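A short write-up of the structure that comes next.
The values are calculated or read from the model by the stated rules, or taken from the named source; none is laboratory data. All of these numbers come straight from a predicted model, not from anything done at the bench. Reconstructed Cβ throughout: ideal geometry from the backbone, glycine too, with neighbour counts over all protein chains shown.
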Amino acid sequence: MALVPPHIQQLAPYKAGKPAEELARELGLERIVKLASNENPLGPSPKALAAAATALAQSHRYPDPAAYELRSALADRFQVDLENVITGSGSEGIMATILRTFLFSDDEMISAANSFIGFRVLAHASGRRVHWIPMRDYHYDLPRLVQAINDHTKIIYLANPDNPTGTCFSSAEFEAFMAAVPERVLVILDEAYFEYARDRDDYPDSMRYRFDNVITLRTFSKAYGLAGLRVGYGFGHRDLIGNLLKVKLPFEPSRVAQSAALAALGDHPFLESTLEANRTGMAMLTEALAGLGLELIPSKANFVTLVLPSEAQAVALAGELLKRGVILRHLGAFGWPTLVRASIGLAEENEYLIEQLVDVLGEISNQRSAISGQP
Ligand SMILES: Cc1ncc(COP(=O)(O)O)c(C=O)c1O
């Protein structure tokens, strides 16, 4: 249709992991284990839930457009000024605001090919030229991102830890990268999974640095269990944040989301339980998966990614598990056709995944030997 610009016509609609309810209905299954979207298996922070219920009663009132209480609490927690903090409808909401605010004329962007799909969709929708740099051994190739900088480069996007590989770049790599990036280039540093990685010695927590051209993005969707409420936050130089605040939708995040996030931020026991469940779940799953002879990418986040020998086997594995009620994410849409990602679940969910996998792997190998005629 002539009304739709070509770069929008070419966009593929975002395909999320299959909702559990839909799968249960389609297959008549009683038990569904959804490990497809890196959500918090413990559910929402209970304090957040109580605060959200209270806020619901005020739903006839618009939210505070300045999100004063939430931004003040974030400023306190991370030792910055209120003017350095923005909140939005998920960290993706803030990402969208950043592109709308700073891209101008023939500005271009750079990122890693096959990193977070949410950025890829926003970048394509912006209609700007983007240089997608291949990853090296499932890691951001930061020196090659630097080499791609030209006079038009305006934004570089990095996710650390990355989704869907779960890999991180180190402090030394980040410092060398920042030393080479001109100050006129804005770096979006997406730390959606930082809580899971922050205690590692070589993790470059961006809040330990003060680069005027870096915006850090974080979220309540993962470690705080509020993915469904859509609330994220970001930190940056007051001039950058001030301009973002002019452009963001005035009433994001919603009243309920602001209240829930504020309570979640104070729910330290919940955060600790989340991190502990992830540590034990990750240890159990990685050991069991490796024991089944599967190749894994070592992950610093709340998911683990399997490397299958071929696309056909990756598709078969995810498809067969789906029939048994286990939803993983085949990463074809991310540009990784041989990878399948599994979020860390509750202990019983992880066990169920392994049980079903044993079955599925047996079946796939029987099919293979039937085709090849070899045992
Ligand atoms: C790297 C990364 N950034 C951002 C997001 C989205 O976060 P939010 O729910 O805050 O928009 C995700 C979600 O999966 C992610 O993996």
Residues satisfying the stated conditions in the stretch 300-333, i.e. hydrophobic (A, V, I, L, M, F, W, C), surrounded by fewer than 18 Cβ atoms within 10 Å (Cβ to Cβ) and either within 19 Å of residue 284 (Cβ to Cβ) or under 17 Å from the mean Cα position of the chain (by Cα) (or both): 333
Those residues of the stretch 339-355 which are within 22 Å of residue 121 (Cβ to Cβ) and polar (S, T, N, Q), in sequence order: 343
Residues of the stretch 48-80 that turn out to be within 17 Å of residue 265 (Cα to Cα) and either assigned to a loop (DSSP other than H, G, I, E, B) or modelled with pLDDT under 95 (or both), as a count: 4
Candidate set: the stretch 146-157, residues that are more than 10 Å from the ligand (Cβ to nearest atom) and in contact with a Phe, Trp or Tyr (Cβ under 8 Å, 6 or more places away or on another chain); chosen: the one farthest from residue 127 (Cα to Cα): 146
Residue match in the stretch 45-58 (condition: under 28 Å from residue 166 (Cα atoms) and away from the ligand (no atom under 16 Å from the Cβ)): yes
Criterion: surrounded by fewer than 24 Cβ atoms within 10 Å (Cβ to Cβ) and in contact (Cβ under 8 Å) with a residue 60 or more places away in the chain - qualifying residue of 203, 209, 196, 224: 203
Conditions (1) out of contact with any helix residue (DSSP H, G or I) (no Cβ under 9 Å at 6 or more places or on another chain); (2) at pLDDT below 95; (3) not acidic (Asp, Glu); number of the one not met by residue 297: (2)
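Can you say whether residue 4 is assigned to a loop (DSSP other than H, G, I, E, B), more than 16 Å from the ligand (Cβ to nearest atom) and buried (at least 16 other Cβ atoms within 10 Å of the Cβ), as far as the supplied structure shows? Working first, answer last.
Values: assigned to a loop (DSSP other than H, G, I, E, B): yes; more than 16 Å from the ligand (Cβ to nearest atom): yes; buried (at least 16 other Cβ atoms within 10 Å of the Cβ): no.
Answer is no for this residue.
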Condition broken by residue 86, with the remaining ones in (1) more than 16 Å from the ligand (Cβ to nearest atom); (2) not basic (Lys, Arg); (3) not in a helix (DSSP H, G or I) satisfied: (1)
Which numbered condition residue 70 fails, given (1) under 14 Å from residue 231 (Cα atoms); (2) outside the structural domain of residue 258 (by TED's automatic domain parsing): (2)
Residue match in the stretch 57-69 (condition: touching a Lys or Arg at 6+ places or on another chain (Cβ under 9 Å) and on the phi > 0 side of the Ramachandran plot): no
Close pairs (6 angstrom Cβ cut-off, 6 or more residues apart or separate chains): within 25 Å of residue 277 (Cβ to Cβ) in the stretch 325-343, outside any strand (DSSP E or B) and of a type in the set (Lys, Arg) anywhere: 325/31; 327/18
Residue within the stretch 158-176 that is away from the ligand (no atom under 16 Å from the Cβ), under 16 Å from residue 84 (Cβ atoms) and either in the same structural domain as residue 87 (by TED's automatic domain parsing) or outside any helix (DSSP H, G or I) (or both) present: no
Single condition residue 143 does not satisfy, out of (1) assigned to a helix (DSSP H, G or I); (2) more than 16 Å from the ligand (Cβ to nearest atom); (3) touching a residue at least 40 places away in the same chain (Cβ under 8 Å): (3)
Count of residues meeting criterion [crowded, with 21+ Cβ neighbours inside 10 Å and on the phi > 0 side of the Ramachandran plot] in the stretch 70-108: 1
